[in-house]
1. Using the heavy atoms of the protein chains and a 1.4 angstrom probe, tell me the accessible area per residue for the protein assembly as shown in square angstrom.
2. Just A:R87, A:R176, A:R24 to compare: in a GNM of chain A, with alpha carbon springs under 10 Å, which one fluctuates most?
3. Per-residue Cβ counts within 10 Å, from other chains only, averaged over B:92-99: what number is that?
4. Round to the nearest 10 and give me the degree value, 0 to 90, for the angle of helix B:58-86's Cα axis relative to the longest principal axis of chain B.
5. For the Cα atoms of chain A, what angle does the longest principal axis make with the long axis of helix A:139-161, in degrees from 0 to 90, nearest 10?
6. Any idea which of B:V23, A:I14, A:A119 is furthest toward the positive side of the dipole for the protein assembly as shown, if Lys and Arg beta-carbons carry +1 and Asp and Glu beta-carbons -1?
7. Rounded to whole Hz and in sequence order, give me ³J(HN,Hα) for segment A:14-21 from the Karplus expression 6.51 cos²θ - 1.76 cosθ + 1.60, θ = phi - 60°, writing x for Gly and Pro.
8. Return the carbon/sulfur percentage of the accessible area of chain B, one whole number, probe 1.4 Å, all protein chains in place.
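The values are calculated or read from the model by the stated rules, or taken from the named source; none is laboratory data. Bear in mind that the values here come from a model prediction, so they are computed numbers and not experimental data. Heads up, the Cβs are rebuilt from the backbone with ideal geometry, glycines too, and the neighbour counts pull from every protein chain shown. When the accessible area is computed, the model is the full protein with side chains, heavy atoms only, and any ligands, DNA or RNA have been set aside. Shrake-Rupley method; radii C 1.70, N 1.55, O 1.52, S 1.80 Å.
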Amino acid sequence: MATVVWFVASAAAIACAFAVILQRNPFISAIALLGNLASLATLFILLQSDFVAAAQIIVYAGAVMVMFLFVIAYIGPRGELPTTHRRTWQIVVASVAAGAILVELALVIGRSGLDSAAAVEDDFGSPQTVGQLFLTTYVGAFEMVSLLLLVAAIAAVVLGAGPRPMRVDLDERQRRVQEARELAASRSAE
Amino acid sequence: MTPGLGSYLIVSGLLFAIGLAGVLLRRSPLVVLLSLEVMLNSVNLSLVGFGRYNGSRDGQVFALVVMGVAAAEVVVGLGLIVAMERRKMALDTDELVELSG
């Protein structure tokens with residue numbers, strides 16, 4: 001049973017990943033990524049990591065993907081330039097790099113021989129135990145992530161604000177200061 | 001019979017390679033970000049898998065931290081794309097070469 005679920009979820013994850021990189025329309029790419037994330041959540045459940053699977057669906061499929069779809073909708077369905085513009089060496093180098101990584105990983109995994117799972121309790125992936133780790137052993141990492149998210153939120157606001165509309169030219173400002181001084185001087189002379 | 005650690009790692013490696021090909025091949029910054037998500041998630045799968053097979057919860061904690069970092073990265077990346085769009089710049093990674101020395 002677990003093998004069947006593993007096979008279906010893995011095949012779906014890989015097919016969706018191919019759809020993400022091959023689709024011309026970014027909207028369909030984003031939907032395919034949603035399928036990829038859901039398949040990975042299934043694999044997480046198979047690995048008894050229930051809380052990570054739930055967080056995957058809520059954080060990724062819920063929040064992050066909605067943000068992606070908002071930006072895609074904002075930019076509009078703008079496709080890439082036709083492939084005739086593309087330089088062939090880019091395709092060759094990219095394929096070689098991806099293939100090299102794949103071969104390397106396959107070699108290492110084939111020799112690892114890590115196939116016997118440790119016995120774990122039923123609450124291996126429960127929110128309670130994982131949350132406890134976050135607030136005890138890994139509290140530093142937890143705080144760093146919250147700080148990082150705050151910085152990212154501020155960065156998004158700054159980036160989204162764009163060029164400032166009310167910028168006074170520096171020369172203009174100096175001229176005004178000069179005028180005000182002259183006015184004050186003429187008044188005190190009177 | 002349940003699938004062993006090797007089978008999860010192979011799926012993870014395959015997804016990582018597919019994501020890398022997407023990052024290198026696609027020219028729309030949006031799709032590059034989407035491919036980057038595929039790569040980050042493949043690494044999450046191996047982290048959780050290793051954690052499960054060592055009977056340790058540290059892998060899950062690491063995977064959740066990676067999720068937080070990925071969310072921050074997406075926020076900044078999408079902010080940059082929106083800023084580019086507002087300045088009427090071409091949304092094409094081959095055109096954005098002003099910083100190349």
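1. Values: 16250 Å² over 291 residues.
Per-residue accessible area for the protein assembly as shown comes out at 56 Å².
2. Judging by the Gaussian network model, the answer is A:R176.
3. Values: counts 3, 1, 6, 1, 0, 0, 0, 0.
Shielding by partners across B:92-99 averages 1.
4. 10
5. The answer is roughly 50 degrees.
6. B:V23
7. Running phi through 6.51 cos²θ - 1.76 cosθ + 1.60 with θ = phi - 60° gives 5, 4, 5, 5, 4, 4, 4, 8 Hz.
8. Values: 2560 of 3840 Å².
Heavy-atom surface of chain B belonging to carbon and sulfur, 1.4 Å probe: 67 percent.
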